[in-house]
Structure formats: C-alpha cells, structure tokens
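Step one of this worksheet: look at the structure below.
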Ligand SMILES: [Zn+2]
C-alpha cells in the first residue's frame, strides 16, 4: 500500500466542518427546486463556477443562499444523513459538526432541528459506527446580540443530547469576539465549551479576544496567530488546539496558494494542529483530499499524519471514557494499516 492509499484508508477525526457547507451539490439543486429557491446555478457545472469566491463576503453571500434551500426538518435530516454516509466512506470515525441553528429558525423550531439531526446521527451510528456531535454557532452578523442568548441556553440544555460546544462564525472583520461576551458568559457559567472561529480573516487581536473574552477551548482556523510571537507562545504553552483548514484558506484568499500556507510553520512553532475541511464541496475538497494535498505539498510522513489524527481525537469534546475508546480504536486501526505499508 502506498501513502495515498494509506491516507484514504486511515481512520480520521474532524473537528471543523459545517453541515450547511457540506450539502452535496446534487442535493442542493434538488432542495432548491423543491422549495422554489432560484439559485444562480442550475446544474453541477454552474454550481462549480458559483463556488469560486472573490473573498469572505462573497462566500457568506453564497452560504446564505445555500442555507435558504433548507426549509424543513426533513431537509435537515436528509443533509445530515448524506453527510454521515460520506463520513463512513472517508473513514472519519468521529466529527464535531458546526451548524447555524438561527438560520433555520424561521422555518424549523430549535428542538425540531435537533430531533431531525439526532435521527440521522442514530441511524449512522447503528449502520456504520460513525459518530458526530454538534457545535451550533452564533453568526457574527446577528443583532441584537442578546438574541443569540437563546441559542447559547438551548445548546447548554442539550449538552447530553448531541451538542458539545458553542461556536461563533460569520464575518470576522468588524465583528470582534468582545461583542459576544454576554452570550459566551452564559456558556462559561455553565462550564460549556466555546469553539469560535478566529484568526482567519482577522489577525491576532481576534484570537486573543476569543481566548480571553470567550474562553475558547479551541480556535477555528487561528492561522494568523503567527503575526504575534507572544500569542504563539501562549498557544504553545497552553497547547490550545487550532482547527486548520488548508483548502478553505486558499479558496477564501487567506493565503495565495497551498505552497504558502503556514501549516509547516505552525508545526515548527510547536503548536497543537488539527487538519479539517471546513465546507468541503464549496472548496472542492473533503478531509481525505486535505490530507492528500498537504502530504503532496509538504511531504508529511506517516507519523506526522497520525499525529494530526490523534491530535483531533485528543482535542475532541467527547466525555473522557468515549475519548479513550476512540483513541484505542485509532491505535488498533493504524497499527493494522501500517503493516500493509510499503
Ligand atoms: Zn468554518
């Protein structure tokens, strides 16, 4: 078995992937037709062209158009079921999945959203042994800020019902973490973890805000930490996991191309790095493809690839006994696979 085949077959864990951003292109077109939503793309080729982003604002525009095609609890269950089937095909044993409940709230009450997603979760676990937990996020555009308290309270109430953290997403520029202090204070008081995006389109101040004001236990992206040596030292000392999404950074022009991606530098600095796909079909990728691309570009070895996967398992928010079971499972599967390497 060569390294490419090894990557395809290796067991994986992913911590930064969006449900709405993972809708399969065929399904998106089907949902748009079903709900009479006019998208600028009517077939797969046009969809491919539509997914060429001029920048983050453009990306958000497309993202909201996609989200508007999800109108019923059945739609949510369908996209979750397809997402989970794809997890099984990629050997992604466990994922923490970001989704934005508020977007669907006009059509689907929060508890119905969760019930639909939990039906898909249960089926996938029985069928393929693939597991996910949910990380509902607050959109940074949302006003008044107090309106997002409802999402925080609902997420905390469902901490034993499939929800493991509270996220913060959407346009980072102009919406610093500090604006959302009151929402994340609700989570902090309940001992509920925060997993915000930060340091993607904004610099170190945004990451500091996520750490100090929102009590982030992990940072979504965080690649721009390298602009501040004292932040790098802090992240290294505390071993705060970074959810690095290489192709996403290229597609949204955070970096000009994969060759200039700071991934090797983040590793040289001794930071805690995980590899993720963010919004896979929108960036013409998936988690397997991310591992293939970075290995091709940076020449990672098998021990380094394993490190990324084990990092993700360790940085997951599973209860400790379940985390230990996952790590054991990974250890067994990797040792079987390594025997077949040539
Ligand atoms: Zn993201």
For the stretch 12-28, enumerate the residues that are away from the ligand (no atom under 16 Å from the Cβ) and buried (at least 21 other Cβ atoms within 10 Å of the Cβ). 12, 13, 28
Look through the stretch 291-323, keep the residues that are out of contact with any helix residue (DSSP H, G or I) (no Cβ under 8 Å at 6 or more places or on another chain) and part of a loop (DSSP other than H, G, I, E, B), and return whichever of them is surrounded by the most Cβ atoms within 10 Å (Cβ to Cβ). 317
Going through the stretch 62-99 in order, the residues found to be within 16 Å of the ligand (Cβ to nearest atom) and either part of a helix (DSSP H, G or I) or at pLDDT below 95 (or both) are 62, 63, 64, 66, 67, 83
When every residue in the stretch 154-178 that is outside any loop (DSSP other than H, G, I, E, B) and surrounded by 17 or more Cβ atoms within 10 Å (Cβ to Cβ) is compared, the one farthest from the ligand (Cβ to nearest atom) is 154
Name the residue, out of 53, 6, that is touching a residue at least 60 places away in the same chain (Cβ under 8 Å) and assigned to a helix (DSSP H, G or I). 6
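The rows are residues; the columns are (1) within 20 Å of residue 310 (Cα to Cα); (2) within 16 Å of the ligand (Cβ to nearest atom); (3) not in a helix (DSSP H, G or I).
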residue: 224; (1), (2), (3): no, yes, no
residue: 230; (1), (2), (3): no, no, no
residue: 233; (1), (2), (3): no, no, no
residue: 236; (1), (2), (3): yes, no, no
residue: 254; (1), (2), (3): no, yes, yes
residue: 267; (1), (2), (3): yes, no, no
residue: 270; (1), (2), (3): yes, no, yes
residue: 274; (1), (2), (3): yes, yes, yes
Given the condition more than 16 Å from the ligand (Cβ to nearest atom), assigned to a helix (DSSP H, G or I) and at pLDDT 95 or above, answer yes or no: does some residue in the stretch 128-144 qualify? yes
In the stretch 276-290, how many residues are in a helix (DSSP H, G or I) and either at pLDDT below 95 or away from the ligand (no atom under 13 Å from the Cβ) (or both)? 5
Any residue at all in the stretch 208-218 that's outside any loop (DSSP other than H, G, I, E, B), within 16 Å of the ligand (Cβ to nearest atom) and modelled with pLDDT of 95 or more? yes
Would you say residue 200 is over 16 Å from residue 16 (Cα atoms) and either part of a helix (DSSP H, G or I) or under 19 Å from the mean Cα position of the chain (by Cα) (or both)? no
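The values are calculated or read from the model by the stated rules, or taken from the named source; none is laboratory data. Just so it is clear, the model here is predicted, and its values are computed rather than measured. Methodologically, a virtual Cβ is constructed for each residue, glycine included, from the backbone with ideal geometry; neighbour enumeration extends over all protein chains shown.
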